[in-house]
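The values are calculated or read from the model by the stated rules, or taken from the named source; none is laboratory data. Predicted model only: the values in this text are computed from it and were never measured. Positions of Cβ are generated from backbone atoms using ideal geometry, with glycine treated the same way; all protein chains shown enter the neighbour counts. To get the accessible areas, we keep the full protein, side chains included, count just its heavy atoms, and leave off ligands, DNA and RNA. Shrake-Rupley method; radii C 1.70, N 1.55, O 1.52, S 1.80 Å.
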Amino acid sequence: MRGSVKAEITPMFKQYFKVKHQYPDAVLFFRLGDFYEMFFEDAETVAPLLGLVLTKREAGKGLTAPMCGVPVEKALFYIQKLVDLGFKVAICEQVEDPATSKGLVKREVVKIYTPGLMVDLELPEKSKTYLASLYLDKKAGLAFLELSCGEFIFTEVNRETFLSELLKREPREILCLEEFAESEWISLIKGSLPKVHLSFLDKRAFGLTQVEDLLKLPYYERYQEGLKAANAILVYLQNYQPHLLDKIEAPVFYYPEEFLFLDEATKRNLELVKNLWDGSEKYSLFWVLDATVTPMGARLLKEWIIYPLRDINQIKLRQEAVSFLVEKPDLRDALREVLKKLPDLERLSTKCSLRLINPKEMALLRDSLKYLPEIKEIFSEIDQLPRLLRDILSQLGEFTGLYQRLCEVLVENPPYTLKDGGIIKRGIDPTLDELRDLKDHAVDYLSAIERKEREKTGIPNLRIGYNRVFGYYFEVSKGNVRLVPPYFERKQTLTNVERFVTPELKELEQKIITAEEKIKNLEYELFLGLREEVAQYKEDLKRTSLGLATLDVLVSLAKVAVENDYVCPEITEEEGLYIEEGRHPVIEKIQGKERFIPNSVELKKDEAVLLVITGPNMGGKSTYLRQTALIVIMAQMGSFVPAKYARLGVFDKVFTRIGAGDELARGKSTFMVEMSECAYILKNATSKSLVVLDEVGRGTSTYDGMSIAWAIAENLYEKKVFTLLATHYFELTELGKIYTGIKNYHVAVKEWQDDIIFMYKVLPGAANKSHGIEVAKLAGIPQEVVDRAKEILYKLERKNLKEPSETKIASKRVTQLSIFDREHPVLQKIRNLNIEEITPVEALNFLWEIKKELK
Ligand SMILES: Nc1ncnc2c1ncn2[C@@H]1O[C@H](COP(=O)(O)OP(=O)(O)O)[C@@H](O)[C@H]1O
Ligand SMILES: [Mg+2]
């Protein structure tokens, strides 16, 4: 391809190579007329992924280029697919008009789509798609850009917590310094967000130049690391989508300490916004709480869930508003009715300020403005409004002028496209109206001229005709030619007729022919002007859409509270919590409230700081732990909670750790991960934190695990960290006997003959027995195996063996249990299975297969 052949490639392919060379890591969409073409490796990679036909094109002597292409008007669809697959797509346009340019048309890359920069593509409605940036120095600087919502924020955190803060918003793409490409935390990021795209930039991107230009605020000088991260985002934007650079707002600093700290593992384990097995929203806390009716409301609710508050007054403000709405079903319904009619005002107004909005979207924006007064109207009859609702109302703009203007200018149903006309109403621009008249009435104008000339010349059969070569002409029969006046210019002589033109006719012809083109161009210009006008309202629109989103979330929380029978928790200055008859919001929703057994929990300074919960598998321990953490999160969001009564102090952090055996999702060297996560908790938890440890220490041998769990519990207790600890190590119940602030609880089971019945009731005191064997029986383990297990247990207990020697027991097992004499083929399958490499779904399928074979 290079070297000697290069001299002979066509000029167009020379141009292609030059461009491609500048963007080696992107798929190049090379504009050729009405198509974007891809060549060589790009074409070969992409064609099968997009279902395109791979063809060839002559690229010069002895060089044929594999090629595939997509029509320009369908391009976004294909770009979307590629970006979703993790590609970058560079759009190379013809930057001069091929009709007027001489020689090869000039082409340039005008923008590059990346997973983090896809604002004009289809985005998921209910979530944000962040481009994040990370700069590590003494502190960690983080910046996030959500182009479609016009959000640009940055912060600084200590180096230990940066991963949580970075991952919590689930960025699609992360920018970081290229020297970090090999860091160990890169693999952690990939483990947590398998779909994330990492882009490595060199040191110059993490300077301060660009961001200083944008900010001009001395106040921000303290935040060096954060600003450097923000700067990289600006540099990236400048390189990839330069047309947006001057449209975005200065980044805003946020303080993570203002929010209840939830680390990434907690967010995941508690299934706050998506579940653990398929990553969808189903069965997440969001799934329960989401009764919002606008996209911006849904997105804000998600944010409230992952960023609950820490300030007691702010929590109370939200509570007050929710309580108010809980009491007023009619008001709620009325508000929902109006909100339902609203489009995604947040994204529409952002698109407008980024100058990306199309006529169709502009009409949506227009129509939404019409409903805003209705909201104020609904509230007008109520005098004693809670403060938050009052604030929201004052946040909503009026926009009467803007609405009128848009109604005046924009046709009812404009198209998506900007350059095909059909956008602007009559009566807005005289030239436009004239052109349209001309186009619509061309025939009338022509016959008017015809009539006029007939009268003037006295030629009765003078008529206007048209052909491709001469355009419009007057046709006069041979007999009348002598009557033709001098200003008629002869064009053509045929046997019986002669054809003439006049300057007037030529002028009209010119007008008619170009009217169409001119209309489109003029409408385009006028639309751009209108867009500028609307963009002036961006602050107002943004504030309004945030107000509407907040209202939507509050109404949603109230509706859900009523429907699910939640109570308003009492938030106190006192540390700890008391939840009476608490429920798990998700499980009760799935199983039905009647079938869920509520449980109370109390954590109290000095007296009940750490609870050890024991009991058999499937007894309800994890549920109890999780519901407590979820209730804390809900309470600090300002939501009502699933309980009969709840009183809570404000927590600063919530941590949850699920023992390695329970956490299939990540498939890492699990025990190591579990321990490093525990280390993280021990370092970061305070006397105001809630820590939930579920079967910690499970990933290693019994005695190791037990000792580690014991030591961790003790350490947390010494730090006065509120802790719930579920364990199957009964030895840990000893802790309750040693320390006054550690209490034992167990999940109740009833024994009935040889079976057990789960009561799901959490009661004081330690469980007396593991019931593991009964559970095994319930799960369908064959009776002879259950009997054998009982026998072993009995022996173990009697001999009080400290460390059960596997070999001793195994050797006996072979002689006594003929079932294991010949190895069943599934055993080999299980051995061959690499647990680290399979997904939970694959694991389920595998189990399914095995079960089938054993039947
Ligand atoms: N309080 C409860 N009321 C009704 N069902 C429950 C309750 N707690 C748990 N369950 C049911 O039992 C199952 C197992 O509970 P889980 O908390 O995972 O037990 P453990 O952690 O003790 O093994 C849950 O999936 C749920 O269906
Ligand atoms: Mg459990």
Region 674-792: strands (runs of 3 or more DSSP E) wholly inside it with 3 or more residues that are more than 30 Å from Pro308 (Cβ to Cβ), β-branched (Val, Ile, Thr) and modelled with pLDDT under 90 are none
request  = For region 626-644, state whether one or more residues are over 25 Å from Glu281 (Cβ atoms), more than 16 Å from ligand 2 (Cβ to nearest atom), out of contact with any helix residue (DSSP H, G or I) (no Cβ under 6 Å at 6 or more places or on another chain) and open to solvent by 30 Å² or more (accessible area, probe 1.4 Å).
outcome  = yes
The one condition Lys341 fails out of (1) surrounded by 18 or more Cβ atoms within 10 Å (Cβ to Cβ); (2) over 23 Å from Val288 (Cβ atoms) is (1)
Restricted to region 20-57 and to residues being open to solvent by 10 Å² or more (accessible area, probe 1.4 Å) and closer than 24 Å to Ala99 by Cβ, the residue farthest from the chain's Cα centre (by Cα) is Arg57
Looking at Arg647, is it over 27 Å from Asn158 (Cβ atoms), away from ligand 1 (no atom under 16 Å from the Cβ) and at pLDDT 75 or above?
yes
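Matching residues to (1) open to solvent by 50 Å² or more (accessible area, probe 1.4 Å); (2) in contact with a Phe, Trp or Tyr (Cβ under 8 Å, 6 or more places away or on another chain); (3) more than 27 Å from Lys777 (Cβ to Cβ):
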{"position": "Ser676", "(1), (2), (3)": "yes, no, yes"}
{"position": "Arg698", "(1), (2), (3)": "yes, no, no"}
{"position": "Ala713", "(1), (2), (3)": "no, no, yes"}
{"position": "Glu718", "(1), (2), (3)": "yes, no, yes"}
{"position": "Lys737", "(1), (2), (3)": "yes, no, yes"}
{"position": "Glu751", "(1), (2), (3)": "yes, no, no"}
For region 380-394, the count of residues that are out of contact with any Phe, Trp or Tyr (no Cβ under 8 Å at 6 or more places or on another chain) and surrounded by 18 or more Cβ atoms within 10 Å (Cβ to Cβ) equals 2
Taking region 231-252 and keeping residues over 21 Å from the mean Cα position of the chain (by Cα), surrounded by fewer than 19 Cβ atoms within 10 Å (Cβ to Cβ) and in contact (Cβ under 8 Å) with a residue 12 or more places away in the chain leaves Gln238, Asn239, Pro242, His243, Lys247, Ala250
Check your understanding: Quick one: would you say Gly638 is touching a Pro at 6+ places or on another chain (Cβ under 7 Å) and more than 8 Å from ligand 1 (Cβ to nearest atom)?
Key -> no
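For Glu408, are the conditions met, namely being closer than 16 Å to Lys538 by Cα and not hydrophobic (A, V, I, L, M, F, W, C)?
So Glu408 fails the test.
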Scanning region 352-363 residue by residue, those touching a residue at least 60 places away in the same chain (Cβ under 8 Å), out of contact with any Asp or Glu (no Cβ under 6 Å at 6 or more places or on another chain) and open to solvent by 30 Å² or more (accessible area, probe 1.4 Å) turn out to be Arg355
Listed by range, helices (runs of 4 or more DSSP H) wholly within region 318-430 having at least 1 residues that are of a type in the set (Val, Ile, Thr) and closer than 22 Å to Leu301 by Cβ are 329-340, 345-353, 359-380, 387-395
In region 593-608, anything over 19 Å from Glu271 (Cβ atoms) and open to solvent by less than 80 Å² (accessible area, probe 1.4 Å) is listed as Ile597, Pro598, Asn599, Ser600, Val601, Glu602, Leu603, Ala608
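Residue-by-condition table, conditions (1) within 20 Å of the chain's Cα centre (by Cα); (2) small (Gly, Ala, Ser); (3) assigned by TED's automatic domain parsing to the domain that holds Ala679:
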| site | (1), (2), (3) |
| --- | --- |
| Leu163 | yes, no, no |
| Leu166 | yes, no, no |
| Ser187 | no, yes, no |
| Ser192 | yes, yes, no |
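Based on what the data block shows, is Ala132 aliphatic (A, V, I, L, M), at pLDDT 95 or above and within 23 Å of the chain's Cα centre (by Cα)?
Values: aliphatic (A, V, I, L, M): yes; at pLDDT 95 or above: yes; within 23 Å of the chain's Cα centre (by Cα): yes.
When the stated conditions are applied, Ala132 passes them.
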When every residue in region 609-625 that is part of a helix (DSSP H, G or I) and crowded, with 24+ Cβ neighbours inside 10 Å is compared, the one nearest to ligand 1 (Cβ to nearest atom) is Lys621
Taking region 272-290 and keeping residues open to solvent by 20 Å² or more (accessible area, probe 1.4 Å), within 17 Å of Ser639 (Cα to Cα) and in a loop (DSSP other than H, G, I, E, B) leaves Asp290
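Every residue, every condition in (1) more than 46 Å from the chain's Cα centre (by Cα); (2) assigned by TED's automatic domain parsing to the domain that holds Leu551, yes or no:
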{"residue": "Glu374", "(1), (2)": "no, yes"}
{"residue": "Leu396", "(1), (2)": "no, yes"}
{"residue": "Lys425", "(1), (2)": "no, no"}
{"residue": "Glu453", "(1), (2)": "yes, no"}
{"residue": "Thr457", "(1), (2)": "yes, no"}
Turns out the helices (runs of 4 or more DSSP H) fully within region 475-592 with at least 2 residues that are farther than 29 Å from Ile375 by Cβ, open to solvent by 30 Å² or more (accessible area, probe 1.4 Å) and away from ligand 2 (no atom under 16 Å from the Cβ) are 503-535, 585-591
In region 414-438, anything open to solvent by 80 Å² or more (accessible area, probe 1.4 Å) and closer than 11 Å to Lys520 by Cβ is listed as Lys419, Asp420
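Every residue, every condition in (1) hydrophobic (A, V, I, L, M, F, W, C); (2) within 24 Å of Leu289 (Cα to Cα), yes or no:
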site	(1), (2)
Lys126	no, yes
Ser133	no, no
Lys139	no, no
Leu147	yes, no
Glu156	no, no
Arg159	no, no
Ser164	no, yes
Of the residues in region 35-85 that are in contact with an Asp or Glu (Cβ under 9 Å, 6 or more places away or on another chain) and of a type in the set (Lys, Arg), the one that is farthest from Pro24 (Cα to Cα) is Lys61
